[in-house]
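Remarks on the structure that follows.
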Amino acid sequence: MSNATKRRCGQCGERVVVKLARPGRTAAYRSLELAVPASLEIPTCENCGAEWIDLQTARALDEALEPVYQEIQRARLDRALDKILSVEDNQTRIERALAISPGYLSKLKHGKRAPSGEIVSLLTLVSDDPEHALERLETLSKRDAGGRKRTAS
Amino acid sequence: MRAKTPHWDLERVKALVAAGSFMIQQGRAFAHIGGTYADAAAEMQGVITGLTTRSFSHTQTLTWDIADVYGVVFRDGGWYLKLTIDEEIPEVAVISFHPLEAPLRTNGGEVRP
């Protein structure tokens, strides 16, 4: 491809942006930093290395990264739930402490709901020390509810 | 005070972006929007096609080109948007799109972080 037909890099100004596929790249995808498949072409400046995303590349990145993201999140969720439920098997208590809808944990556990990034992060955090985390959340909820009662009186 | 005029005709910028003729810098723009790439591109498209000259701040002369800077309100905060047109393709290049670090004066007034 001659330079005349190449796209210009808005970063360094050189007209040397070409579709480049190479190993070792990562991309921020939702809440995770994921490896970009080596075969995926991203318009990249041959001079400064800046990557430029157009609509076609955006779609290709989503198609490649979404399944990986979902798989990682599913694995994180399963690990976190296993750990939490091994310490506390009362799902109602857990759901109440986390302020999530009754039955939601069961739906997550059985794959009937796709977990949000937020809930996976929260459960991962709680799973680090489930008993203390749940106790702490319950204590804070009681404190805040108590504070509300005093304000109202 | 007279309103400043962008170097790149805003209607031309909007038409190119609406037609999908644009590319966004990965590190200085995409990375700040987050989410999926298609959603982020659609959000970027929405921001640019919704621009008015009231959001225009100033024109920057770069070593190789000229870019227009806008201050926009996005996700309840002020954001910095820098773009240019590559007329040879032609397409809009979004060089920067990130939350403001300091207030930015635009034709419509000051946009705050």
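Of everything listed in (1) without any contact (Cβ under 8 Å) to a residue 24 or more places away in the chain; (2) out of contact with any Ser or Thr (no Cβ under 6 Å at 6 or more places or on another chain), the single unmet condition for A:Ala21 is (2). Residues in segment B:45-55: is at least one assigned to a helix (DSSP H, G or I), closer than 24 Å to A:Ala28 by Cβ and not hydrophobic (A, V, I, L, M, F, W, C)? Yes: one or more hits. Filtered by the rule that a residue be β-branched (Val, Ile, Thr), within 14 Å of chain A (Cβ to nearest Cβ) and in contact (Cβ under 8 Å) with a residue 40 or more places away in the chain, segment B:39-87 gives B:Ile48, B:Ile66, B:Thr84, B:Ile85. The set of residues in segment B:4-27 that are more than 8 Å from chain A (Cβ to nearest Cβ) and either hydroxyl-bearing (Ser, Thr, Tyr) or in contact with a strand residue (DSSP E or B) (Cβ under 8 Å, 6 or more places away or on another chain) (or both) comprises B:Lys4, B:Thr5, B:Pro6, B:His7, B:Trp8, B:Leu10, B:Arg12, B:Val13, B:Leu16, B:Val17, B:Ser21.
Against the list (1) touching a Pro at 6+ places or on another chain (Cβ under 7 Å); (2) β-branched (Val, Ile, Thr); (3) more than 14 Å from chain B (Cβ to nearest Cβ), the condition A:Val17 fails is (3).
Bear in mind that the values in this text are calculations on the coordinates, not laboratory data. On a predicted model such as this, the values are computed, not experimentally measured, just so you know. Cβ: placed from backbone, ideal geometry, glycine included. Neighbour counts: every protein chain shown.
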